[in-house]
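This report concerns only the one structure given below.
The values are calculated or read from the model by the stated rules, or taken from the named source; none is laboratory data. Nothing here was measured: the structure is a model prediction, and the numbers come from that model. Note that each Cβ is placed from the backbone with ideal geometry, even for glycine, and that neighbours are counted across all protein chains shown. These accessible areas exclude ligands, DNA and RNA; they are computed on the full protein's heavy atoms, side chains included. Shrake-Rupley method; radii C 1.70, N 1.55, O 1.52, S 1.80 Å.
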Amino acid sequence: MKKIICFVFCLAFCLAIGFTAWAVEIDPAAVQANQVPASYATVKDGNVVFSKAITAYSPDEMDTILKAYGGTLQADAQVPGSYATVKEGNIVFGKAATAYSPDLTHQILTAYGFSTTPEAIEQLKDPAGYATVKDGNIVFGKASTAYGAEDFNRVMAAYRLPEPPPVVAPAPVVAPPPPPPVEKCLDADADGICDDVDKCLGTPKGAKVDERGCWVIGVQFFDFDKAVLRPDHYAELNEVVSVMKANPNLRVEADGHTCDLGREKYNQKLSERRAKAVVDYLVNNGIDPQRLSWKGFGETQPAYPNTSEENRAKNRRVELTPSAN
């Protein structure tokens, strides 16, 4: 029997503690600043003093009271039309003093973001007739009733606002680790390819090289099975002209290469014709023919294994091999 009494006492105590922990309260600063009607509450010696007179407040006055409890009316909220309407996007409150029934009062409070629970209503003894709990459900009174400020404050103590989200400390900013130091390599011809992997050491300054470090004229300069330079690639050949004019002591050998498709003898002749076409272009654009030579290697010196079309395309090339006078 003692255990049962202890349990009931503890349960009632916990409910009371929980009830007061989240009950809304009026903001004394709002009362002090006369943001609520003086007939509702005033501040004396730092304490809020509620009026005892039964008073019906107009909707615009009720709005200031509910704001002082922390509520905010949303434009899309459902309230009685006599309380507020929306015109051109603005909320317009009624001016006439109105006593609402408890069920309409609860609807208005809900529109401001307040909510209650059956447990809180069960502890609301005054004002009588505001609401009861039946079978776990809240039943609000239907009769229009004006309340004194003290009674209405008790009603508000049975409500709460949504708990603010917990303040989450921002994650500390972690500076990214510094990039690993770039290891410098020996690059004697300054073409961006380290000497230990450079297959064509000694390319002149300004020459565009491939990933092997070689000064290469690709097969795209020629139509298939042709040795006539395509005009749409003259600009790249003009860069070769510029490099040679910037290096007057430079001599260049144009070396033609093919992939392994076709007959070996035919590929040899095709590589020679393409190398000769590059040399002729350079001569026609102001390079002394004494600085130029050409040679064909056919399919005998592939830069890449002839195991895919991509590699074969890279093998169909003209390489420029420089030398100094």
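Can you compute the modelled spin-label distance between SER58 and TYR234, with each label point 7 Å from Cα toward Cβ, in nm?
The answer from the label model is 8.9 nm.
How far apart, in nanometres, would the label points at THR85 and VAL49 be if each is projected 7 angstrom from Cα along the Cα-to-Cβ direction?
Once both label points are built, they end up 4.1 nm from each other.
Around LYS245, what is the net charge, scoring Lys/Arg as +1 and Asp/Glu as -1 over all other residues with Cβ under 12 Å from its Cβ?
Net charge around LYS245: -1.
For a quick check: with amide H placed at 1.01 Å from N, whose amide H comes under 5 Å from ILE217's, ignoring anything fewer than 5 positions away on the same chain?
Amide H neighbours of ILE217, under 5 Å, 5+ apart: VAL318, GLU319, LEU320.
Grab the Cα-Cα distance for ALA188 and GLN35, subtract it from 0.36 nm times how many residues apart they are, and report the gain in nm with one decimal.
Full extension of this stretch gives 46.8 nm more.
Filter the DSSP H helices in the chain by two things, a Kyte-Doolittle mean of at least 0.5 and an axial alpha-carbon span of 24 angstrom or more, and list the hits by number.
2-22
Could you sort the peptides 312-319, 176-183, 94-101 by per-residue average Cβ neighbour count (10 Å cutoff), highest mean leading?
On the way: 312-319: 20.9, 176-183: 5.9, 94-101: 15.1.
Result, highest mean first: 312-319, 94-101, 176-183.
Where the centroid of each part is defined by its Cα atoms, how far is the range 240-270 from the range 118-197 in Å?
Between the Cα centres of the range 240-270 and the range 118-197 lies a distance of 72 Å.
Calculate for the chain the 222 nm mean residue ellipticity that helices alone would give, adding -39,500 (n - 2.57) per DSSP H run of length 4 or more and normalising by residue count, nearest 500 deg cm²/dmol. Before the final figure, lay out each step's value.
Numbers: 9 runs with 101 residues, N = 325.
That comes out to -9500 deg cm²/dmol.
Given H placed on each backbone N at 1.01 Å, which residues far from GLY296 in sequence or on other chains put an amide H within less than 5 Å of it?
The list, which skips near neighbours in sequence, is GLY256.
Determine which lysines satisfy two conditions relative to LYS142: a Cα distance under 16 Å, and not lying fewer than 8 residues away in the same chain.
LYS142 reaches LYS134.
Give the accessible surface of the range 234-325 per residue, rounded to a whole number of Å², with probe radius 1.4 Å and ligands, DNA and RNA excluded.
53 Å²
With a 1.4 Å probe and every protein chain kept in, tell me what percent of the accessible surface of the chain is carbon plus sulfur.
Taking all protein chains in place, the chain shows 58 percent carbon and sulfur surface.
Please report, in whole Å, how far the alpha carbons of the range 57-131 spread along each principal axis, starting with the longest.
42, 22, 20
Translational diffusion coefficient, Stokes-Einstein: compute it for the range 203-325 using the Kirkwood radius over C-alpha pairs as Rh, at 25 °C and 0.890 mPa s, and state it as an integer in µm² s⁻¹.
Working: Rh = 14.4 Å.
Once the numbers are plugged in, D ends up at 170 µm²/s.
Could you order the peptides 77-90, 239-252, 284-297 from most to least packed, using the average number of other C-beta atoms within 10 Å per residue?
239-252, 284-297, 77-90
On a straight-distance basis, which lysines could pair with LYS87 in a cross-link, Cα separation under 26 angstrom, same-chain partners fewer than 8 positions away excluded?
Straight-line reach from LYS87, under 26 Å: LYS67, LYS95.
Among 199-207, 55-63, 27-35, what's the highest-first ranking by average C-beta atoms within 10 angstrom per residue?
Sorting 199-207, 55-63, 27-35 by mean packing, highest first, produces 55-63, 199-207, 27-35.
Can you work out the accessible area per residue across the range 44-142, with the rest of the protein chains kept in place, probe 1.4 Å, in square angstrom?
55 Å²
How much of the pair distance distribution for the range 16-115 lies past 16 Å, counting alpha-carbon pairs only, in percent?
Value for the range 16-115 (Cα pairs over 16 Å): 61 percent.
To the nearest 0.05, how large is the calculated FRET efficiency for PHE140 and ALA97 if R₀ is 35 Å and r is the Cβ-Cβ distance?
Once rounded, the FRET efficiency stands at 0.95.
Evaluate the distance, in nm, between pseudo-label points positioned 7 Å from the Cα of SER242 and of ASP27 along their respective Cα→Cβ axes.
With each label point 7 Å from Cα toward Cβ, the separation is 6.9 nm.
May I ask you to derive the FRET efficiency for GLU122 and VAL174 from their Cβ-Cβ distance with R0 = 51 Å, giving the value to the nearest 0.05?
So, using R0 = 51 Å, E works out to roughly 0.50.
List the extent of the Cα atoms of the range 59-214 along each of their three principal axes, largest first, rounded to whole Å.
102, 39, 27
When all alpha-carbon pairs of the chain are counted, what percent fall beyond 34 Å?
Result: 57 percent of Cα pairs exceed 34 Å.
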